[in-house]
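For reference, the structure is listed below as structure tokens.
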Amino acid sequence: MKIVQVIPYFCYGGAETMCESLTYALKRMGHTVLVVSLYDRRTEISKRMEAAGVPIRYLDKKLGLDVSMVPKLVRIFREERPDVVHTHLDVIKYAVAAARLSGVKHCLHTVHNVAQEEAEGRAQVMINGFYFHRGWSEPVALSPEVQRTVKEVYSLDRIPVIYNGVDLSRCVPKERYSLGDTVTLMHIGRFDEQKNHAGLLLAFEKLLQIHPNCRLNLLGDGQLRKPMEDYVRELGIEHAVRFLGNQTDVHPYLHEADIFLLPSKFEGMPMTILEAMGTGLPIVASGVGGVPDMLRDGESGLLVRCDPEQVCAACAKLIDSEALREKLGRNALADSARFSADTMARQYCAEYERLMARK
């Protein structure tokens, strides 16, 4: 098969990591994959993909609505003649229209978050719903919870669920669960409201009152990074928090951590949790979106409300018990096998083939 994946650009995020992992796995299976980035932005992820032999076509999208993307995508689709166009995030409004104009019949769209959050604004909901009900694009959900929201928002019946997958061979599993003089907690995520950095920092400030030997590593970047740096100083915990920015390879940081945190306000199926599971880390995460489909509360992670008191209490519980850390970490590592990139790719191929079988 020939598949064209279309994405805004390769910033550090779950959708972008998923697209990268899926592309590699599809190529290993012998399929031809072209990636289109709407923005002309080279990033560490796109450079890594090109170094691995993945062709990427960069367009020059302007900020906001840019209808010039439609004719530009039409030209690419007519040149490449793909069997399937696979869209991510808000490119759907351009790519599906371009597919229809260029004669490509089969489009699939991964819904990367709960439906009401992924479609930003009523207009996008209406466009997505029009495409889905016409059969011009098929939505795929990342988890049963995301599937439920897609059914609810778009009044659809059949929505396949395909869990995200990562290249587990890149993870470096933990060998031991004892703690050193310093307890290292870790969070990966872009700095925006969804990831709830303010709540995380408040929880950490409370934890330091109980366990002053803790340190928090924050990986990622974004528009709220500077306000969060200011908040750290306001809380008086700057000695214990490190802002490490975007990293081309998060796996060494995961391996060195003792506990992974993700107290987000909402989620689809966060890739960072998969990477933490593949490392065998004990995880504290808010039980939102697809997270409860990934972690078994009390068995492979601790699920909490999006609340600083609960996050703090869960972290303290883990710090106080090596047996619990090891139990959760080893179970998470075992469960991570469900979320491999190759499994994800096989399931997407089955959906591609089902679409192509339709007349």
Mind checking which residues of segment 115-125 are within 21 Å of Cys19 (Cα to Cα), part of a loop (DSSP other than H, G, I, E, B) and of a type in the set (Gly, Ala, Ser)?
-> Ala119
From the residues in segment 133-153 that are without any contact (Cβ under 8 Å) to a residue 40 or more places away in the chain and open to solvent by less than 20 Å² (accessible area, probe 1.4 Å), which one is nearest to Gly287 (Cα to Cα)?
-> Thr149
Do you know which of the residues in segment 126-155 that are hydrophobic (A, V, I, L, M, F, W, C) and either under 16 Å from the mean Cα position of the chain (by Cα) or not in a helix (DSSP H, G or I) (or both) is farthest from Tyr352 (Cα to Cα)?
-> Val146
Taking first residues from segment 100-113 that are within 10 Å of Trp136 (Cα to Cα) and modelled with pLDDT of 95 or more and second residues anywhere that are part of a loop (DSSP other than H, G, I, E, B) and not hydroxyl-bearing (Ser, Thr, Tyr), the pairs with Cβ under 8 Å that are 6 or more apart or on different chains are Arg100/Trp136; Val104/Arg81; Val104/Pro82; His106/Asp83; His106/Arg358; Cys107/Trp136
Tally the residues that are of a type outside the set (Lys, Arg), assigned to a helix (DSSP H, G or I) and touching a helix residue (DSSP H, G or I) at 6+ places or on another chain (Cβ under 9 Å), restricting the search to segment 335-359.
-> 11
Can you tell me which residue in segment 55-98 is nearest to Thr23 (Cα to Cα), limited to those that are of a type in the set (Lys, Arg) and out of contact with any Pro (no Cβ under 9 Å at 6 or more places or on another chain)?
-> Arg57
When (1) within 22 Å of Thr248 (Cβ to Cβ); (2) surrounded by fewer than 23 Cβ atoms within 10 Å (Cβ to Cβ) are applied to Glu20, the one that fails is (2)
Any residue in segment 339-346 that is farther than 13 Å from Asp258 by Cα, surrounded by fewer than 19 Cβ atoms within 10 Å (Cβ to Cβ) and at pLDDT 95 or above?
-> yes
Close pairs from segment 218-232: first free of Cβ contacts under 8 Å to residues at least 40 places away in the same chain, partner open to solvent by less than 50 Å² (accessible area, probe 1.4 Å) and assigned to a helix (DSSP H, G or I), Cβ under 6 Å, at least 6 apart = Met228/His197; Tyr231/Leu201
Give the residues of segment 154-211 that are open to solvent by 40 Å² or more (accessible area, probe 1.4 Å), touching a residue at least 12 places away in the same chain (Cβ under 8 Å) and within 29 Å of Pro227 (Cβ to Cβ), sorted by residue number.
-> Thr182, Arg190, Glu193, Ala198, Leu202, Glu205, Lys206, Ile210
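The values are calculated or read from the model by the stated rules, or taken from the named source; none is laboratory data. A quick note: this is a predicted structure, and the numbers were derived from the prediction, not measured. FYI the Cβ positions are ideal-geometry reconstructions off the backbone, even for glycines, and counts take in every protein chain you see. SASA here: full protein model, heavy atoms, side chains in, ligands and nucleic acids out. Shrake-Rupley method; radii C 1.70, N 1.55, O 1.52, S 1.80 Å.
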